[in-house]
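S.K.: Okay, handing you the structure first.
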Amino acid sequence: ANMVLISLKSVLPGAQSANDGFLFETTTSTPVDELIDSLVEIHNARLRSCLIADAVKGLAMYGVMKRPEDVGTDHVKEITGGNVERGDNYVEDPSGLRTGNPPDEKMAEILNREVRALKEYIHKNQVQNQVALTLPEITGKINNVRGAVTMAYPMGLPEWDLAHLALDGSVDKLKGTYLGGSLIEAKNASLWTCNKEFRRGQLVSDRLGSCNEKTKVVAKLT
């Protein structure tokens, strides 16, 4: 079997979305169904990674999320006679979503370092850098973030915290976040290149021919 490099056009939420995508290496003898499953897993893992990065950056800066019924800015709460817990590292969260009690500076730096490593790995620049993504690499970097979160919060995160959901929630649960419509279900996905579909039940070579050299194709999932 010969190698095929798929350049998948993809969309991440927010500012990164323009010209987004990633590279994936496969072979001409790979069943199309298996290829679609792999591409969808990486697509969804990149989206999950964005959610993790946002949530864990918030955790490092302002601590865990308040209970939904307690959300509101602390200074307003104090004016109205409420009690605000101020730890050693207290910084008010202007959004009112988090407690304002982040971990200490050293721990916050570890959290941010692992988030940076994850974001760099899934970034669209990896296409220009000719780095093909793999699910084990993404999973490993997510596990490193999870490990840092466990160090910072050995008792665990509250179940309503977005970082808890992002790290450990099922894809179905992630649909309730801003990722919603961007997540793809493998069983409903189709893969296209040059306006022609890769047919399920066939091999990659049935769509591309048995190319001799390493072939690069630009594709998209719908």
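The values are calculated or read from the model by the stated rules, or taken from the named source; none is laboratory data. Please read all numbers here as calculations on a predicted model, not as lab measurements. Quick reminder, even Gly has a Cβ in these numbers, built from the backbone with ideal geometry, and neighbours come from all protein chains shown. What goes into the accessible areas is simple: the full protein's heavy atoms, side chains included, and nothing from ligands, DNA or RNA. Shrake-Rupley method; radii C 1.70, N 1.55, O 1.52, S 1.80 Å.
S.K.: Within segment 173-186, is even one residue without any contact (Cβ under 8 Å) to a residue 60 or more places away in the chain, open to solvent by 40 Å² or more (accessible area, probe 1.4 Å) and closer than 19 Å to Ile42 by Cβ?
M.R.: Taking every residue of segment 173-186 in turn, at least one turns out to be without any contact (Cβ under 8 Å) to a residue 60 or more places away in the chain, open to solvent by 40 Å² or more (accessible area, probe 1.4 Å) and closer than 19 Å to Ile42 by Cβ.
S.K.: Among the residues of segment 109-153, which ones are in a loop (DSSP other than H, G, I, E, B) and within 20 Å of His43 (Cβ to Cβ)? I'd like the intermediate steps shown before the answer.
M.R.: Filtering segment 109-153 down to residues in a loop (DSSP other than H, G, I, E, B) leaves 123-124, 129-131, 133-134, 153.
Matches in segment 109-153: His123, Lys124, Asn129, Gln130, Val131, Leu133, Thr134.
S.K.: Quick one: is Asp88 of a type in the set (D, E, K, R) and either surrounded by 14 or more Cβ atoms within 10 Å (Cβ to Cβ) or touching a helix residue (DSSP H, G or I) at 6+ places or on another chain (Cβ under 9 Å) (or both)?
M.R.: no
S.K.: Another question about this same structure. From the residues in segment 60-97 that are part of a helix (DSSP H, G or I) and not charged (D, E, K, R), which one is nearest to Gly156 (Cα to Cα)?
M.R.: For segment 60-97, the residue satisfying everything is Ala60.
S.K.: I would also like to ask the following. Taking segment 27-42, which residues are open to solvent by less than 40 Å² (accessible area, probe 1.4 Å), modelled with pLDDT under 95 and more than 15 Å from Arg199 (Cβ to Cβ)?
M.R.: Listed by number, the list holds a single entry, Thr27.
S.K.: Same structure again: Tell me the residue from Ala163, Ala152, Ala189 that is within 15 Å of the chain's Cα centre (by Cα) and at pLDDT 95 or above, please.
M.R.: Ala163
S.K.: Go through (1) open to solvent by less than 70 Å² (accessible area, probe 1.4 Å); (2) free of Cβ contacts under 8 Å to residues at least 60 places away in the same chain; (3) in a helix (DSSP H, G or I); (4) not acidic (Asp, Glu) and name the single condition Arg207 misses.
M.R.: With respect to (1) open to solvent by less than 70 Å² (accessible area, probe 1.4 Å); (2) free of Cβ contacts under 8 Å to residues at least 60 places away in the same chain; (3) in a helix (DSSP H, G or I); (4) not acidic (Asp, Glu), Arg207 is out only on (2).
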